[in-house]
Amino acid sequence: MLFLTIRPAVRRSALISVSVLLTLALARLGLWVSHATVPASAKPRPLRGVAVEDQRLALTFDLPWGEQVPERILDVLRSHQVRATFFVSGPWAASHADLVKRMVAEGHEVASYGHQHVHLSRYPAEVVREEILKAQEQIAAASGARPTLFRPPDGDVDDEVMAVAAELGYTVVLWGTDAQDWATPGPDYVVRRVLSRAHPGDIVRLSASDAAIDTPDALLSLLPALAAKGFRPVTVGALLSP
């Protein structure tokens with residue numbers, strides 16, 4: 001009886017509201033189902049190594065900051081005629097354009113380490129996008145080319161970071177072997193660790209920030225030792241090439 005006393009206009013408004021809410025709920029459910037049915041293999045995955053038929057491996061350096069160590073590392077690489085991939089932060093590239101240009105001139109690959117040194121998985125997609133694009137602008141201005149490889153700070157990545165990076169045209173590169181030189185364990189430890197883990201197609205992570213004071217001395221021994229074992233260090237881009 002109570003329902004019959006409600007005015008027709010109010011009744012129609014209530015029914016429309018319920019219909020809209022039901023439609024939205026079904027749409028959200030459908031969206032959830034569509035995501036749940038996407039096979040895991042279809043999601044982009046970070047690059048940790050490449051299947052190769054020769055002895056190539058990639059040397060990569062994280063470089064979010066640093067005044068002394070980066071130049072020393074470049075000197076060692078030049079003396080051994082080795083080319084590597086440097087993942088540089090946007091602010092570092094902007095304030096060290098001379099070293100970025102030297103990297104390019106000496107055949108190294110300049111890639112992106114993002115803008116701020118933050119764990120991107122803690123942030124929404126719009127912040128991740130902004131961090132990548134800010135760094136892209138600064139790195140491109142310093143190097144003369146837009147980077148296409150991206151390493152999230154500390155390797156912190158989830159499906160959302162992967163999706164945003166892929167949307168922006170980036171390949172996310174992590175590593176197969178971590179030299180742990182950032183912990184300053186001593187040059188000998190760094191050399192032993194890399195030599196015991198390196199394999200064809202491997203991506204080796206090193207640091208070029210000023211905190212990694214062992215890295216230049218470690219490279220002086222590591223590069224000849226890798227050559228003695230038949231390895232040929234290259235950039236990530238060269239590792240991906242046939």
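The values are calculated or read from the model by the stated rules, or taken from the named source; none is laboratory data. Only a predicted model underlies this, so the values are computations on that prediction, with no experimental measurement involved. These accessible areas exclude ligands, DNA and RNA; they are computed on the full protein's heavy atoms, side chains included. Shrake-Rupley method; radii C 1.70, N 1.55, O 1.52, S 1.80 Å.
Key figures
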quantity	calculated
Per residue, the convex hull volume that the Cα atoms of region 97-242 enclose (Å³)	126 Å³
Cα-based shape type of region 116-182, given that a ≥ b ≥ c are square roots of the gyration tensor eigenvalues and the cut on a/c is 1.5	oblate
Cα-based shape type of region 46-123, given that a ≥ b ≥ c are square roots of the gyration tensor eigenvalues and the cut on a/c is 1.5	oblate
Column: log10 I(q)/I(0), Debye, Cα scatterers of region 186-225, q = 0.21, 0.24, 0.27 Å⁻¹	-0.63, -0.81, -0.98
Convex hull (Cα only) mean projected area of region 171-238, reported in nm² to one decimal	4.6 nm²
Most to least accessible of E71, E109, E53, E167 (protein chains only, probe 1.4 Å)	E53, E167, E71, E109
Kirkwood Rh and Cα Rg combined as Rg over Rh, evaluated for region 150-196	1.15
Calculated on alpha-carbon atoms, Rg and Dmax of region 75-167 in Å	13.6, 44
